[in-house]
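Note sheet for the following structure.
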Amino acid sequence: MRRPDNLPDFSKPPLAEVVLGVQFSPVPGYSSVDARQVWELFKESFPVVEERPLLAPQFETFGGANRLSSLGFHVGPPPVGSRLWFLSQDANHLIQFQSDRFLTNWRKGPNLQPYPRFEVIADSFERNLQILADHFMAAFKYQIDINQAEVSYVNLIQVQEFAEAGKWFNLCDSGFIDIEALNTNFVQVVKDREGKPYARFYNEIQSVFSVEGKRKAFQLSLTFKGKPATSGIPSAVAFVRDGRERIVNRFRDITTAEAQEIWGRLS
Amino acid sequence: MIDSLQGSTAFQDEILCYAPTADPISSLSPPRRRVRVELPRSKWMADLQERLDEITSLPRGWDGYDGRPVSFNAALFAANLIERLFVAGVPSPDVVPGSDGTLQIEWHRNQYDIEIDVLGPYEVVAYRRNQRTGNEQELELQTDFTALAGWIDDLLAEQQTNKKYG
């Protein structure tokens, strides 16, 4: 995969995490005992396993008057099973797997690593997703049926005071206000060439503290999520690539020229 | 470099209708203790919650043949759709299980019928018929349910017309 020429580029982006993921129809007949076989597929590069709570299915739908309807519902018996994290030895890369989700995360910590760039993460995501799909076909005669894809960039911008928001973001000019906390989010419905909505673009700026509570930062999270054009892997990867371009351009648009200079804007 | 974070506690949980915009796919934030407050649901969902629980818990062969329970994902997608389409003043629909794990959301009122087949997430076939005019329409839908919202508005209008002249 090659980086598009027109995308803004930074030598020291404040990226803390990149997540690429898909949601698919649950594998028929899959149960928790089959998880070990899935781990075997990735064990060599991801030897450490952790268990996490399941992610609930999410659907991005449009139309109708009730805008809060994409929030989660609970129907039927409580879901069973768990989400597994397969971590690389340095814990900077991880795969998240449950019977209807597959995600790849790269994160800057805990062992500080330079950003490997999107193309490297996306290639790994596509390759590993194909390995999983091949396993589903061999073990369950199940053709992966992807119904949603997402890409998320989490940036951490360390600051002395939250009143500096205007230095970093075009959206905020706090002036003399002594800000204790800042939470801004907006959601954009993304439409195709025919004007049909197919994705949502979540934009969120949040003031956060380090665990010991002494250091301050703004967390800028940009997430693009929706239904790819078809249910196969190439379409999901194309969706994620489209989302990445929108995220990088949005990052350029909502951050200031002064901030971009600090992050080493190259183009 | 801040390498591990906790979210700001500033007011988020106290703001009415505040809702997180994404599910916790990020690995950065440690799990936060948060009081789960049920968001206000529409009357339709309040009426149908028990019914949705029931049809996803049906035993195999529930129809006397080889009928499957309604799939969890289809029911969840239907719940999302029902909430999205809610219009005050229109009675709650009937929800009918299909023997193949699908479900149907139906209104039959004042000679006006709407049937929405939820085959699975993003797989919806909708049909409406006005028995008085003989007009019929069928739509295949995936993500955009704007047209269905229009049908529900028409159902409300039919209902109000009937009340006025009936």
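Read-outs throughout are calculated quantities, based only on the coordinates presented, and are distinct from any laboratory measurement. Bear in mind the structure is a predicted one, so any value in this text is a computation, not a measurement. Cβ placement follows ideal geometry from the backbone for every residue including glycine, while neighbour counts extend to all protein chains displayed.
So what is log10(I(q)/I(0)) for chain A at q = 0.14, 0.17 1/Å, when the Debye sum runs over its Cα atoms only?
Values, matching the q order: -1.10, -1.48.
Starting from the amide H of A:A199, placed 1.01 Å from N in the peptide plane, find each other amide H under 5 Å away whose residue is 5 or more places distant or on another chain.
Amide H to amide H, under 5 Å and 5 or more residues apart or across chains, A:A199 pairs with A:V190.
Within 10 Å of each Cβ in A:51-59, how many Cβ atoms from other chains are there, averaged over the peptide?
Mean partner shielding for this stretch: 4.
Check which residues have an amide H placed less than 5 Å from A:V49's amide H, if you skip close sequence neighbours.
Counting only residues 5 or more places away or on other chains, the set is A:L87.
Per residue of the range A:216-222, in order, report the coupling 6.51 cos²θ - 1.76 cosθ + 1.60 (Karplus, θ = phi - 60°) as ³J(HN,Hα) in whole Hz, putting x for Gly and Pro.
Values per residue, Gly and Pro as x: 10, 7, 9, 9, 9, 10, 10 Hz.
With springs connecting C-alpha atoms under 10 Å apart, model chain A as a Gaussian network and identify which of A:A165, A:A91, A:A139 has the largest mean-square fluctuation.
A:A139
With Cβ to Cβ distances under 12 Å as the rule, what net charge do the other residues near B:P59 carry (K, R +1; D, E -1)?
After counting each charged neighbour, the total is -1.
Counting partner chain Cβ atoms within 10 Å of every residue's Cβ in A:80-93, what's the average?
What the average comes to for A:80-93 is 0.
Can you tell me the equivalent ellipsoid semi-axes for the range B:43-165? Use √(5λ) from the Cα gyration tensor, largest first, whole Å.
Square roots of five times the eigenvalues give 26, 15, 14 Å.
Using θ = phi - 60° and the Karplus curve 6.51 cos²θ - 1.76 cosθ + 1.60, what whole-Hz ³J(HN,Hα) does each residue of the range B:66-79 get, with Gly and Pro shown as x?
Here the 3J(HN,Hα) series is 10, x, 9, x, 5, 5, 4, 5, 5, 5, 5, 5, 5, 4 Hz.
Could you list the chymotrypsin sites (Phe, Trp or Tyr not before Pro) in the range A:94-203 that lie in coil according to DSSP, counting only those with at most 10 other Cβ atoms within 10 Å of their Cβ?
A:F176
Would you pull out the residues with amide H under 5 Å of A:V159's amide H, same chain only if 5 or more places away, H placed 1.01 Å from N?
Distant-sequence amide H within range of A:V159: A:K216, A:A217, A:F218.
Taking θ as phi - 60°, what are the ³J(HN,Hα) couplings along the range A:157-168 by the Karplus curve (6.51, -1.76, 1.60), each to the nearest whole Hz, with x for Gly and Pro?
3J(HN,Hα) across the range A:157-168, in whole Hz: 10, 6, 9, 7, 9, 5, 5, 6, 3, x, 6, 9.
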